[in-house]
Ligand code: CA
């Protein structure tokens, strides 16, 4: 691979083999699309206009949706074009004036989220939660190994990394009490997840098969599914998560294009029993993405995404198998990423084993003022590593 002329980019987590898209503004200007390179954001719109790109208008928008709606051929040609701009010395005079230091920009929610679906695709996470929520039963419910379990979440409360999270209030009823009470959640938690962003829509009534994944998915975000365990435990039977989840979901500022993850695909650990044919077209593949969970600056867990049971392509195939259509901006998430080891668990519920075994410096659930940052890295196509950006948020007291 050729080297970028952008100072500080070569060998960094945001080298030319990454090139994630985001939405930025500076001064009082309107937000627009940018591409991260090293510690800079490339303001693409004026460069695309100068070069008279057919799709130059998509970079003037305040979300990535118009760009994502263009489809895989345009995504690929834009990536080739951007790589040329940032590596060829001859382009430097044109491009360099449009590199903005990260410190001078405000980053925004990159996607206008259409529908939001959250899955539950980690065997270790589902088993751990099952043991805690249903101690006298089989940890996995009978459907779990046959289909990627999921639910529809709340798109309107997906927020960008950096947004504060107000402690939710609601009903909760510990098993030891006879009646529910109302108040601030006392078991507020994180879920370290990956999110997949849909670019190309699909037609109502037609399914997206497993091999259709790359025709529709534009890229990945880091995602924290903030969860109020006490509210969740009381409300979730029989219809699933509701207010225990819908108050906030944080995603990274950067959407990493699928093409940047070409070197990260790995075989899944294995599926037993063999899923139904609509879930087994092509070989199920996962991604070797490493996550770090940081609480107030200390790393408390390192969940590995490669240990997941269900693949992202299987999740998408299942999400559409009934003919439900996709829209540009749809977001579907992996579910909590937990590996088999205790320090690979992606939620405080698991790290503290239901609050019974404090971890780190004597912690169980989130306290007001806590800051959680999720960091994501993967193998890049040039042999090093790339970052998928961070997802951070601070807990504010209940209102
Ligand atoms: Ca979740």
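The values are calculated or read from the model by the stated rules, or taken from the named source; none is laboratory data. Worth saying up front: this structure is predicted, and the values here are computed from it rather than measured. A quick note on method: Cβ atoms are made from the backbone with ideal geometry, for glycine too, and the neighbour counts reach across all protein chains shown.
Of note:
- Filter result for residue 104 (within 30 Å of residue 22 (Cβ to Cβ), more than 17 Å from the chain's Cα centre (by Cα) and touching a residue at least 40 places away in the same chain (Cβ under 8 Å)): yes
- Residue match in the range 259-267 (condition: closer than 25 Å to residue 153 by Cβ and touching a helix residue (DSSP H, G or I) at 6+ places or on another chain (Cβ under 9 Å)): no
- A single member of 223, 188 is touching a residue at least 24 places away in the same chain (Cβ under 8 Å), buried (at least 24 other Cβ atoms within 10 Å of the Cβ), within 16 Å of the ligand (Cβ to nearest atom) and more than 18 Å from the chain's Cα centre (by Cα), and it is 188.
- Verdict on residue 390 being over 30 Å from residue 9 (Cβ atoms) and assigned by TED's automatic domain parsing to the domain that holds residue 295: no
- Residue 350 vs. criteria within 16 Å of the ligand (Cβ to nearest atom) and in contact with a helix residue (DSSP H, G or I) (Cβ under 7 Å, 6 or more places away or on another chain): yes
- Filtered residues of the range 226-261 (kept if away from the ligand (no atom under 16 Å from the Cβ) and in a strand (DSSP E or B)): 255, 256, 257
- Yes/no for residue 336 being assigned by TED's automatic domain parsing to the domain that holds residue 245 and within 16 Å of the ligand (Cβ to nearest atom): yes
- Spans of strands (runs of 3 or more DSSP E) in the range 2-101 with at least 2 residues under 18 Å from residue 258 (Cβ atoms): 21-25, 32-37
- Condition broken by residue 324, with the remaining ones in (1) within 30 Å of residue 63 (Cβ to Cβ); (2) touching a strand residue (DSSP E or B) at 6+ places or on another chain (Cβ under 7 Å) satisfied: (2)
- Every residue from the range 191-219 that is touching a strand residue (DSSP E or B) at 6+ places or on another chain (Cβ under 7 Å) and away from the ligand (no atom under 16 Å from the Cβ): 197, 198, 199, 216, 217, 218, 219
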